[in-house]
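Enquirer: To start, I am sharing the structure in question, which I have written as structure tokens.
The values are calculated or read from the model by the stated rules, or taken from the named source; none is laboratory data. None of the values given here were measured: they were computed from a predicted structure. Please note: Cβ atoms are built from the backbone with ideal geometry, for glycine as well, and neighbour counts cover all protein chains shown.
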Amino acid sequence: KAGVTQTPRYLIKTRGQQVTLSCSPISGHRSVSWYQQTPGQGLQFLFEYFSETQRNKGNFPGRFSGRQFSNSRSEMNVSTLELGDSALYLCASSPPSSGPSTDTQYFGPGTRLTVL
Amino acid sequence: QKEVEQNSGPLSVPEGAIASLNCTYSDRGSQSFFWYRQYSGKSPELIMFIYSNGDKEDGRFTAQLNKASQYVSLLIRDSQPSDSATYLCAIPDSNYQLIWGAGTKLIIKP
């Protein structure tokens, strides 16, 4: 089974631009979570989608948004980029079964965004 | 608000020794616990999860859970330089999220 894929892997933008990142979960997974990770920092939760609905949202400004499609693929968008948005953006999917395995998250390789 | 605490390290361990990583959590009702490994510049990968008190072994890795004391540990036996990474502890909350610790950086010295 293919793992979580993220595109693009690397991205360079300038301040004020916007960016869209894409995530395709493992086949059959319906939950997709997004995280931001800056150097030396832990995982900062952005939002989580399940069946095209945003179930949870972290403490990020409204410039950060996301959506999920009917095939469970997800996108996140960052508008009006700031220098501080430079980070590794990670997407993770979770299996649909009940029990502890439902909480397991499988990560994609990430998109490294650099804002100049 | 559930919290997960980890010592940020770095924890330096000689090659071949046992590395012991600890994680404490605030919610006594937590049921399952996850350990992930993250190499520098890479994404986290699942090592194992545990939900019963006691030990769970997988190869050189052993997770130990003590719900009464609210801590979960990860032991790495016969540590190798390739084990050098940041180890993240995570606990589910009631809203389908994982609450993450900040991670412990482990350095295995040859």
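Enquirer: What number goes with the only condition from (1) more than 14 Å from chain A (Cβ to nearest Cβ); (2) surrounded by fewer than 20 Cβ atoms within 10 Å (Cβ to Cβ) that B:Leu106 does not pass?
Expert: It is condition (2) that B:Leu106 fails.
Enquirer: So which strands (runs of 3 or more DSSP E) stay within the stretch A:47-87 end to end and still have 1 or more residues that are over 12 Å from the mean Cα position of the chain (by Cα)? Break it down into steps so the answer makes sense when it comes.
Expert: Details: elements: A:53-57, A:64-68, A:74-78.
Because the criterion is at least 1 residues that are over 12 Å from the mean Cα position of the chain (by Cα), the strands (runs of 3 or more DSSP E) in the stretch A:47-87 that meet it are A:53-57.
Enquirer: If A:Phe50 satisfies every condition in (1) farther than 25 Å from B:Ile47 by Cα; (2) modelled with pLDDT under 95; (3) of a type in the set (Phe, Trp, Tyr) but one, which is the exception?
Expert: The single condition A:Phe50 does not satisfy is (1).
Enquirer: Which residue is modelled with the lowest pLDDT, if the candidates are limited to the stretch A:85-103 and must be of a type in the set (Ser, Thr, Tyr) and surrounded by 22 or more Cβ atoms within 10 Å (Cβ to Cβ)?
Expert: Pass one, the stretch A:85-103, residues of a type in the set (Ser, Thr, Tyr): A:86, A:89, A:93-94, A:97-98, A:101-102.
Now narrow it down to the ones that are surrounded by 22 or more Cβ atoms within 10 Å (Cβ to Cβ): A:89, A:93-94.
Numbers: A:Tyr89: 98, A:Ser93: 95, A:Ser94: 92.
So the residue we want is A:Ser94.
The rows are residues; the columns are (1) within 22 Å of A:Thr38 (Cβ to Cβ); (2) not charged (D, E, K, R).
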| site | (1), (2) |
| --- | --- |
| B:Ser12 | no, yes |
| B:Ser20 | no, yes |
| B:Arg28 | no, no |
| B:Ser40 | yes, yes |
| B:Glu45 | yes, no |
| B:Asp58 | no, no |
| B:Tyr71 | no, yes |
| B:Leu75 | no, yes |
| B:Pro110 | no, yes |
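Enquirer: Let me ask you something else. One residue is enough: does the stretch A:64-84 have a residue meeting the conditions surrounded by fewer than 20 Cβ atoms within 10 Å (Cβ to Cβ), within 11 Å of chain B (Cβ to nearest Cβ) and under 29 Å from B:Gln6 (Cα atoms)?
Expert: Within the stretch A:64-84, not a single residue is surrounded by fewer than 20 Cβ atoms within 10 Å (Cβ to Cβ), within 11 Å of chain B (Cβ to nearest Cβ) and under 29 Å from B:Gln6 (Cα atoms).
Enquirer: Identify the single condition in (1) of a type outside the set (A, V, I, L, M); (2) in contact (Cβ under 8 Å) with a residue 12 or more places away in the chain; (3) surrounded by 13 or more Cβ atoms within 10 Å (Cβ to Cβ) that B:Lys42 does not satisfy, given that it satisfies every other one.
Expert: With respect to (1) of a type outside the set (A, V, I, L, M); (2) in contact (Cβ under 8 Å) with a residue 12 or more places away in the chain; (3) surrounded by 13 or more Cβ atoms within 10 Å (Cβ to Cβ), B:Lys42 is out only on (2).
Enquirer: Filter the stretch A:12-48 for residues that are in contact (Cβ under 8 Å) with a residue 24 or more places away in the chain, within 11 Å of chain B (Cβ to nearest Cβ) and small (Gly, Ala, Ser) and give the result.
Expert: A:Ser31, A:Ser33
Enquirer: Which of the residues spanning the stretch A:36-63 are over 18 Å from A:Ser94 (Cβ atoms) and surrounded by fewer than 14 Cβ atoms within 10 Å (Cβ to Cβ)?
Expert: A:Thr38, A:Pro39, A:Gly40, A:Gln41, A:Asn59, A:Pro61, A:Gly62, A:Arg63
Enquirer: Moving to a separate point now. Suppose we keep only residues that are over 9 Å from the mean Cα position of the chain (by Cα) and within 15 Å of B:Thr86 (Cβ to Cβ) within the stretch B:14-38. Which one would you say is surrounded by the fewest Cβ atoms within 10 Å (Cβ to Cβ)?
Expert: Here the answer is B:Gln38.
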